[in-house]
Amino acid sequence: MPATPAVPATPAVPATPAVPAPSPRLSDPQDLLLGYLDHLRAMIAAKIAAMPEADLRTSLLPSGWSPLELLKHLVHMERRWLRWGFLGEPVPAPHGDKDASGRWHVGPDETAAELIAALHAGGQQTRAIVTGTPLATDSATGGRFPADGQAQPPTLGWILFHVLQEYARHSGHLDIVHELGSGAPHPAG
């Protein structure tokens, strides 16, 4: 009797619209940073949306993180750097992506759809913070950065570049996880 072909697992959430990379003709640094952040957020959301729910909560790596934990980390990471860091705003649970031991965690009731929505909402907040603000502007003190005068807080440009490299690095991590799980490169790249 022939084997029944495997049925592909249904993705956890609907597909996320693609956001193209900024034009190679774009030269404004602020527009480049915001454009690439939007592009990488959309790529990460698409990679997560294409994964079956079971794969989102499973780790294939010795470090033990799951794709959904990585997504939650990105949501909190951007909030830590832009709202708590640059603006100096109090934010609830700035390290809410970590458990008591410092490891990334996601609750059983947290969904990919909710975290993708939070990722995009954070991107909109970042755009609102950055638009019209010079990249050389220093971060406020009193939030992430102490007002004790011991260290110069980073500039908005430095923060945006740091956040961009976090997104780029973790997008590549998701590619590796996808390839380890499926045996094929992720189509979203």
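The values are calculated or read from the model by the stated rules, or taken from the named source; none is laboratory data. These numbers were taken from a predicted model, which means no experiment stands behind them. With ideal geometry, Cβ positions are generated from the backbone for all residues, glycine too; neighbour counts draw on all protein chains shown. Surface areas here come from the heavy atoms of the whole protein model, side chains and all, with no ligands, DNA or RNA. Shrake-Rupley method; radii C 1.70, N 1.55, O 1.52, S 1.80 Å.
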- Name the pairs whose Cβ atoms lie under 6 Å apart, with the first residue in the range 159-174 and over 16 Å from L87 (Cα atoms) and part of a helix (DSSP H, G or I), the second at pLDDT below 95 and open to solvent by less than 20 Å² (accessible area, probe 1.4 Å), and 6 or more positions between them or separate chains? L174/K47
- Message: I'm trying to understand the selection: among the residues of the range 131-154, which are acidic (D, E) and either at pLDDT 95 or above or under 30 Å from D55 (Cβ atoms) (or both)?
- Response: D138
- Task: Would you check which residues across the range 131-154 are in contact with a helix residue (DSSP H, G or I) (Cβ under 9 Å, 6 or more places away or on another chain) and either over 15 Å from M77 (Cβ atoms) or surrounded by fewer than 15 Cβ atoms within 10 Å (Cβ to Cβ) (or both) and list them?
- Result: T131, T133, P134, L135, A136, T137, D138, S139, A140, F145, P153
- Scan the range 177-189 for residues that are free of Cβ contacts under 8 Å to residues at least 24 places away in the same chain and either in a helix (DSSP H, G or I) or more than 27 Å from L70 (Cα to Cα) (or both) and report the count. 2
- Task: Could you tell me which numbered condition E110 fails, if it satisfies all but one of (1) touching a residue at least 24 places away in the same chain (Cβ under 8 Å); (2) surrounded by fewer than 19 Cβ atoms within 10 Å (Cβ to Cβ); (3) within 29 Å of G142 (Cβ to Cβ); (4) of a type in the set (D, E)?
- Result: (3)
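Residue-wise test of (1) assigned to a loop (DSSP other than H, G, I, E, B); (2) under 30 Å from P29 (Cβ atoms).
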residue: L60; (1), (2): yes, no
residue: H73; (1), (2): no, yes
residue: G85; (1), (2): no, yes
residue: P90; (1), (2): yes, yes
residue: A136; (1), (2): yes, yes
- Restricting the range 155-189 to residues that are modelled with pLDDT of 95 or more and open to solvent by 80 Å² or more (accessible area, probe 1.4 Å), the residue that is farthest from the chain's Cα centre (by Cα): W158
- Mind counting the residues in the range 113-126 that are farther than 14 Å from R79 by Cβ and either touching a residue at least 40 places away in the same chain (Cβ under 8 Å) or of a type in the set (F, W, Y) (or both)? 2
- Out of A3, A18, report the one residue that is over 23 Å from G132 (Cβ atoms), in contact with a helix residue (DSSP H, G or I) (Cβ under 9 Å, 6 or more places away or on another chain), at pLDDT below 95 and open to solvent by 40 Å² or more (accessible area, probe 1.4 Å). A18
- Item | Among (1) assigned to a helix (DSSP H, G or I); (2) open to solvent by 30 Å² or more (accessible area, probe 1.4 Å); (3) modelled with pLDDT of 95 or more, the one test that G35 misses | (2)
